[in-house]
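**Q** Quick one: this structure, given as structure tokens, is what I'll be asking you about.
Every read-out reported here was derived from the displayed coordinates using simple, explicitly stated rules and does not represent laboratory data. As the structure is a computational prediction, the values presented were derived from the model and not from experiment. Cβ atoms come from the backbone with ideal geometry, glycine included; neighbour counts cover every protein chain shown.
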Amino acid sequence: MRALIVEDDERLGRALSDVLRLHGFTVDLVPDAAGCLRELRPDTDVVVLDLGLPDRDGFELCVRIRREHQVPIIIATARSDLPSRVHGLHLGADDYLVKPYDVRELLARIRAVTRRVQARAPSGAPGSSGPHPLEPLDVGPVRIDPARRIVSCAGSPVPLTRKEFDLLILLAEHRGVVVRREQLLSEVWQTSWGAGGRTLEVHVASIRAKTGLAGIIETVRGVGYRLGTA
Ligand code: CA
């Protein structure tokens with residue numbers, strides 16, 4: 001496993017690197033956004049991203065990484081307010097950790113996000129992610145292709161973030177059935193902290209807006225969500 005740590009606090013960065021190496025990781029440590037973009041490699045398995053960086057805001061960097069890479073991103077920051085958390089996840093981060101955190105917590109999050117990515121997208125074997133790979137399915141003009149992880153509307157690709165993909169595909173896998181909020185939060189975010197927040201709602205709203213099809217996801221009040229039929 002190869003981890004890229006983006007952290008301008010030298011002591012913290014070194015301490016983190018040491019612990020991850022002890023746990024068998026190959027670690028690249030960089031102090032700024034420029035270093036991150038330079039050191040990010042095709043075989044990087046996870047990025048641990050501080051938000052307060054000297055040369056660029058971590059949120060911007062997150063967007064930049066996500067534009068070109070599917071690598072899991074864990075934001076690790078002192079910003080603990082809910083809007084920051086939701087914003088980070090909305091920009092395509094996979095998880096959000098508030099400083100100071102226990103390094104065991106970080107290891108657990110890294111394992112969770114990397115497992116999830118491997119389960120969703122086995123490298124070099126598109127479409128072989130399970131015994132019953134889902135065929136593309138259509139909701140009105142929107143086509144969802146789980147195997148290729150492509151969503152298009154009337155033939156044009158819809159630029160969803162990875163979390164939006166995961167959410168939509170999870171609903172597609174349960175087509176016709178209401179999926180409970182708790183299940184969506186635990187399967188897509190592997191956490192329950194957002195249960196009281198608006199993360200899920202924000203993502204649903206974004207998918208509706210980006211596809212231009214409000215009915216692509218139906219809200220079942222007090223329970224959860226269901227893939228739309230029209
Ligand atoms: Ca910092």
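**Q** Say R0 is 22 Å: what FRET efficiency, to the nearest 0.05, do Arg11 and Ser186 get from their beta-carbon distance?
**A** Computed FRET efficiency for Arg11 and Ser186 comes out at 0.05.
**Q** Would you mind calculating the gained length between Ala205 and Asp18 on full extension (0.36 nm times residue separation, minus the Cα-Cα distance), in nm to one decimal?
**A** So the chain would gain 63.3 nm between Ala205 and Asp18.
**Q** Antiparallel DSSP bridges in the chain: what percent, to the nearest 5?
**A** Expressed as a percentage, antiparallel bridges in the chain total about 50.
**Q** Out of residues 5 or more away from Ile217 or on other chains, whose amide H comes under 5 Å of its own, with H placed 1.01 Å from N in the peptide plane?
**A** Gly228
**Q** So, by mean Cβ neighbours within 10 angstrom, what's the order for 102-109, 177-184 with the highest one leading?
**A** Ranked from most to least packed, the peptides come out as 177-184, 102-109.
**Q** Please say if the range 2-120 is rounded, prolate or oblate, where rounded means a/c under 1.5 for a ≥ b ≥ c the square roots of the C-alpha gyration tensor eigenvalues, and otherwise the choice is prolate for a/b larger than b/c and oblate otherwise?
**A** rounded
**Q** Could you tell me which of rounded, prolate or oblate describes the chain, using a ≥ b ≥ c as the square roots of the eigenvalues of the alpha-carbon gyration tensor, with rounded for a/c under 1.5 and, failing that, prolate when a/b is larger than b/c and oblate otherwise?
**A** Prolate shape, in that a/c is at least 1.5 and a/b is the bigger ratio.
**Q** Right, another one. Once both axes come from the Cα atoms, what is the angle between helix 103-120 and the longest principal axis of the chain, in degrees from 0 to 90, rounded to 10?
**A** Roughly 40 degrees between the two axes.
**Q** Any idea what the relative contact order of the chain is, in percent, if you count C-alpha pairs under 8 Å spaced at least 6 apart?
**A** 13 percent
**Q** Per the helix-only calculation at 222 nm, which mean residue ellipticity applies to the chain, given -39500 (n - 2.57) for every DSSP H run of n ≥ 4 and division by its residues, nearest 500 deg cm²/dmol?
**A** That calculation yields -12000 deg cm²/dmol at 222 nm.
**Q** Here is a further query. Which order do the peptides 79-91, 210-222 come out in when sorted by mean C-beta neighbours inside 10 angstrom, highest first?
**A** 79-91, 210-222
**Q** If you don't mind, there's one more thing I want to ask. Let me spell out the model: positive unit charges on the Cβ of Lys and Arg, negative unit charges on the Cβ of Asp and Glu, origin at the Cα centre of the range 2-120. What dipole size does that give, in debye rounded to 20?
**A** With only Lys, Arg, Asp and Glu charged at Cβ, the dipole is about 500 debye.
**Q** Estimate the FRET efficiency between Arg2 and Glu218 by the formula 1/(1 + (r/R0)^6), using the beta-carbon distance for r and 45 Å for R0, to the nearest 0.05. Let's see the in-between values first.
**A** Details: r = 41 Å, r/R0 = 0.90.
My answer for the efficiency is 0.65.
**Q** Assigning unit charges at the beta carbon (Lys, Arg +1; Asp, Glu -1) and nothing else, what dipole magnitude in debye, to the nearest 20, does the range 137-227 show about its Cα centre? Working shown, then result.
**A** Details: 13 positive and 9 negative charges, 23 e Å.
The calculated dipole for the range 137-227 is roughly 120 debye.
**Q** Let me ask something else. Is there a quick way to get the dipole size of the chain? I mean about its Cα centre, with the Cβ of Lys and Arg at +1 and of Asp and Glu at -1; what is the value in debye to the nearest 20? Please report the intermediate quantities before stating the final value.
**A** Numbers: 32 positive and 30 negative charges, 123 e Å.
Using only the charged Cβ atoms, the result is roughly 600 debye.
**Q** Sticking with this one: Given a Förster distance of 30 Å, report the FRET efficiency between Leu137 and Arg67 from their Cβ-Cβ distance, rounded to the nearest 0.05.
**A** 0.65
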